[in-house]
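Read the figures in this text as sums done on the coordinates, not as results from a lab. As the structure is a computational prediction, the values presented were derived from the model and not from experiment. Glycine gets a Cβ as well: all are built from the backbone with ideal geometry, and neighbour counts include every protein chain shown.
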Amino acid sequence: QVQLVESGGGLVQAGGSLRVSCAASGRTFSSYEMGWLRQVPGRDREFVAGIDWSGSVTYYADSVKCRFTISRVNAKNTVYMQMNSLKPEDTALYYCAARMSGRRFSTSYDYWGQGTQVTVSS
């Protein structure tokens, strides 16, 4: 089992940057693929970015490619997502999630955090 706690969300103007973090409990963090997903009220949860167990493979939704960067530090049991050039349409509740394996752009994960709100004003 792994427990996930996100932090770092907030309010930012369009064009600005934020970094969200996800701290994981448990000794097996490095065994998990990690992902960031987001959800707007009334819409389905959307995949944003994913990273493999080692941190050497990353993949992104087209809507955030070249603006967002996912990374992890296994020694700190933490995964990050740097978000640059933010747009109002990036406004959402951002979730950190973990799984042993799965299809790259799937929203199917085994463990979820409680979410951190990111709001981008125009």
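With springs connecting C-alpha atoms under 10 Å apart, model the chain as a Gaussian network and identify which of MET83, MET34, MET100 has the largest mean-square fluctuation.
Among MET83, MET34, MET100, the largest mean-square fluctuation in the Gaussian network model of the chain belongs to MET100.
Pairing rule first: another cysteine's C-beta must sit under 4.7 Å. Under that rule, which cysteines of the chain stay single?
Isolated Cys, the chain: CYS66.
Mind listing the phi-derived Karplus ³J(HN,Hα) values for segment 69-75, rounded to whole Hz, using 6.51, -1.76 and 1.60 with θ = phi - 60°, and x for any glycine or proline?
Result, rounded to whole Hz: 9, 9, 8, 8, 10, 5, 5.
Could you go through segment 30-43 in sequence order and give the Karplus-derived ³J(HN,Hα) for each residue, using 6.51 cos²θ - 1.76 cosθ + 1.60 with θ = phi - 60°, rounded to whole Hz, and x for Gly and Pro?
5, 7, 9, 6, 10, x, 10, 9, 9, 8, 10, x, x, 10
Would you look at the GNM of the chain, springs on alpha carbons closer than 10 Å, and say which of SER71, SER63, SER30 moves the most?
Answer for the Gaussian network model of the chain: SER63.
Over the chain, what relative contact order in percent results from Cα pairs under 8 Å that are six or more residues apart? Walk me through the numbers before you get to the answer.
Working: 303 pairs, mean separation 43.8, N = 122.
The normalised contact order for the chain reaches 36 percent.
Once both labels are modelled 7 Å past Cα along the beta-carbon direction, what's the LYS87-GLN3 spacing in nm?
3.8
Tell me, what ³J(HN,Hα) does each residue in segment 44-58 have, in order and in whole Hz, if you take phi through Karplus 6.51 cos²θ - 1.76 cosθ + 1.60 with θ = phi - 60° and put x for Gly and Pro?
5, 5, 10, 5, 10, 7, x, 8, 7, 4, 8, x, 8, 10, 10
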